[in-house]
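One structure is given below, encoded as structure tokens.
The values are calculated or read from the model by the stated rules, or taken from the named source; none is laboratory data. For clarity, every value in this text was computed on a predicted model and none was experimentally measured. With ideal geometry, Cβ positions are generated from the backbone for all residues, glycine too; neighbour counts draw on all protein chains shown.
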Amino acid sequence: MKTSSLCQDFGFENQECWKTEISNGSVVFNIQTKSEKLQCGQCHSYSVEKLWYDERLLSSLSLGFKPVSLKIRVQTIECKTCKKTSQERISFASERSEAFFLAKT
Ligand SMILES: [Zn+2]
């Protein structure tokens, strides 16, 4: 199973699938934002450093007949430009996610 192409099938331009696993009969894609795509939420600088991350699970998707979940690493970053610490904004996991997932299932 080629996870990179599957990730592209889902339309994630800025994310990478770093692991795929099977959990409770569901395919779980572990995804995170590519390092070069991490951006400061305050000043929009790309000069940031990763500090830590939280994991969020989005479930009840389907890929063919298989149930699919997304385990997303939401990374906390420190901006080297404005020195602020913030959590990255995951666009598909916020306001657009519902429409996106409804369209795909
Ligand atoms: Zn900044």
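Among the residues of region 40-68, those that are in contact with a Ser or Thr (Cβ under 7 Å, 6 or more places away or on another chain) and among the polar types (S, T, N, Q) comprise Gln42, Ser45, Ser47, Ser59, Ser62. Among residues of region 2-27 that are within 14 Å of Arg73 (Cα to Cα), those with a Cβ under 6 angstrom from a residue that is among the hydrophobic types (A, V, I, L, M, F, W, C) and modelled with pLDDT under 65, sequence gap 6+ or separate chain, pair up as Cys17/Cys7.
Mind listing whichever residues of region 74-105 are of a type in the set (S, T, N, Q), at pLDDT 95 or above and within 12 Å of the ligand (Cβ to nearest atom)? Listed by number, the residues that qualify are Thr81, Thr85. Looking at Lys37, is it modelled with pLDDT of 90 or more and within 16 Å of the ligand (Cβ to nearest atom)? Yes, satisfied.
For region 40-56, a tally of residues being away from the ligand (no atom under 14 Å from the Cβ) and of a type in the set (S, T, N, Q) returns 0.
Confirm whether Lys66 is under 24 Å from Gly25 (Cα atoms) and charged (D, E, K, R). When the stated conditions are applied, Lys66 passes them.
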